[in-house]
1. How many of the residues in the stretch 202-243 are farther than 19 Å from Val270 by Cα, assigned to a helix (DSSP H, G or I) and in contact with a Ser or Thr (Cβ under 8 Å, 6 or more places away or on another chain)?
2. Go through (1) within 27 Å of Glu239 (Cα to Cα); (2) not in a strand (DSSP E or B) and name the single condition Ile85 misses.
3. Which pairs have Cβ atoms under 6 Å, sit 6 or more apart or on different chains, and link a residue in the stretch 251-274 that is touching a residue at least 12 places away in the same chain (Cβ under 8 Å) and small (Gly, Ala, Ser) to one that is part of a strand (DSSP E or B) and more than 13 Å from the ligand (Cβ to nearest atom)?
4. In the stretch 282-300, how many residues are part of a helix (DSSP H, G or I) and surrounded by fewer than 19 Cβ atoms within 10 Å (Cβ to Cβ)?
5. I'm trying to understand the selection: among the residues of the stretch 45-73, which are farther than 19 Å from Ile105 by Cβ and small (Gly, Ala, Ser)?
6. List, please: which pairs have Cβ atoms under 6 Å, are six or more places apart or on different chains, and start with a residue in the stretch 141-166 that is farther than 22 Å from Ala115 by Cβ and end with one that is charged (D, E, K, R)?
7. Taking the stretch 245-261, which residues are assigned to a helix (DSSP H, G or I) and within 12 Å of the ligand (Cβ to nearest atom)?
8. Quickly run through the stretch 39-64 and pick out the residues that are under 30 Å from Ser93 (Cβ atoms) and of a type in the set (A, V, I, L, M).
Amino acid sequence: MSRQSYNGIIREYKEFLPVDEKTPVITLNEGNTPLIYAGHLSKLAGKNIEVYLKYEGLNPTGSFKDRGMTLAISKACQERATAVICASTGNTSASAAAYAAVAGIKCIVLIPSGAIALGKLSQALIHGARVLAVKGNFDKALDLVKEIAAKYPITLVNSLNPFRIEGQKTASFEICDHLGDAPDFQVMPVGNAGNITAYWKGYKEYKSSGKSSKLPVMLGFQAEGAAPIVRNKPVKNPETIATAIRIGNPASWKSALEARDESRGLIDMVSDAAILRAYKILAEKEGIFAEPASAASIAGLLKLIESGYFKKPLSENKCRIVCILTGHGLKDPERAMKSVKKPKLIKPDLKAILKEIGY
Ligand SMILES: *Cc1c(COP(=O)(O)O)cnc(C)c1O
């Protein structure tokens with residue numbers, strides 16, 4: 001397909017989505033993100049294993065949330081909504097604000113005060129959303145928006161909105177289209193668990209429609225300080241530097257367990273130290289700047305490689321692992337700056353500079 005004829009996930013995959021001729025398509029041409037071969041990680045994974053990175057940070061607002069938001073906002077418009085609301089760890093609000101702006105409707109956002117990355121907050125604000133910082137965590141903010149949406153004519157666009165999941169499942173279609181079939185394994189971060197639900201739904205639908213021949217094993221990773229699914233109970237005060245997955249009581253908990261069990265996969269956890277290590281490996285060895293929550297995928301992959309997980313007998317063919325990089329690194333520039341040495345201040349002197357760079 002030529003570049004010009006791509007017009008976003010709704011037009012691309014309409015036969016798999018709950019849309020008709022009457023649905024207004026509110027799009028920023030989201031989706032169609034690259035699946036990048038990861039040479040360094042493939043080598044670490046071992047013989048006959050190929051690792052690919054689905055770089056969802058290249059969506060219009062810098063995260064996969066756009067796939068769900070294009071559909072949620074389009075359907076809200078079809079139903080003549082004039083306002084949408086969400087609770088957000090950041091990316092949902094950035095996306096909702098942008099798509100509401102295109103649609104010309106009001107967007108209200110509740111964020112946990114002090115716990116969202118600067119890039120994301122600046123997006124929600126510049127797109128004109130009404131942003132309220134709640135003194136409480138994400139789970140509290142979600143309870144509040146659910147209550148508001150139930151009582152007032154405002155459409156909820158968190159992933160409890162089924163159209164969010166429907167839109168997000170298109171990422172699995174793209175992966176199958178790109179590889180010619182589903183991968184053997186998919187590794188991804190798990191926060192509110194909407195995305196693992198969406199991918200699994202997408203893989204199953206593609207297989208039943210004959211567009212792919214198999215299903216991947218789903219491997220989800222939470223942060224150690226925010227791992228309710230792994231610990232099998234809600235976490236009251238979730239803590240992690242990966243703010244996009246700082247969630248103590250996931251809305252799609254049950255369907256995440258279904259994805260795990262039906263695919264014979266697992267949901268495990270990684271420490272913040274492991275996430276930061278993966279964050280740097282991704283940037284330094286693969287040339288990709290992803291936000292910390294996305295690096296949880298890579299931390300999980302490394303944990304599984306180190307434990308020998310992929311050494312179990314696989315098919316004779318090459319084994320393909322896809323890791324989902326959910327959001328762009330520029331979302332959280334403060335985290336990046338905390339993870340590196342600051343540039344050295346130097347006088348504008350050729351000799352001094354050459355000495356510094358080793359010539
Ligand atoms: C929303 C988000 C997640 C978590 O996705 P869930 O559907 O809540 O599990 C992970 N990474 C990034 C960058 C996100 O924006």
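None of the figures in this text is laboratory data; all of them are computed from the coordinates on show. Bear in mind that the values here come from a model prediction, so they are computed numbers and not experimental data. Here the Cβ is made from the backbone with ideal geometry for all residues, glycine too, and neighbour counts use every protein chain on show.
1. Total meeting the criteria: 4.
2. With (1) within 27 Å of Glu239 (Cα to Cα); (2) not in a strand (DSSP E or B) applied to Ile85, the lone miss is (2).
3. Final answer for the pair search is Ser263/Val217; Gly265/Val217; Gly265/Leu219.
4. Selection size over the stretch 282-300: 3.
5. Once the filter is applied, which keeps residues that are farther than 19 Å from Ile105 by Cβ and small (Gly, Ala, Ser), the stretch 45-73 yields Ala45, Gly46, Gly57, Gly62, Ser63.
6. Phe163/Lys75
7. Answer for the stretch 245-261, where residues must be assigned to a helix (DSSP H, G or I) and within 12 Å of the ligand (Cβ to nearest atom): Ile245, Trp253, Ser255, Ala256, Ala259.
8. Passing the criteria: Leu53, Leu58.
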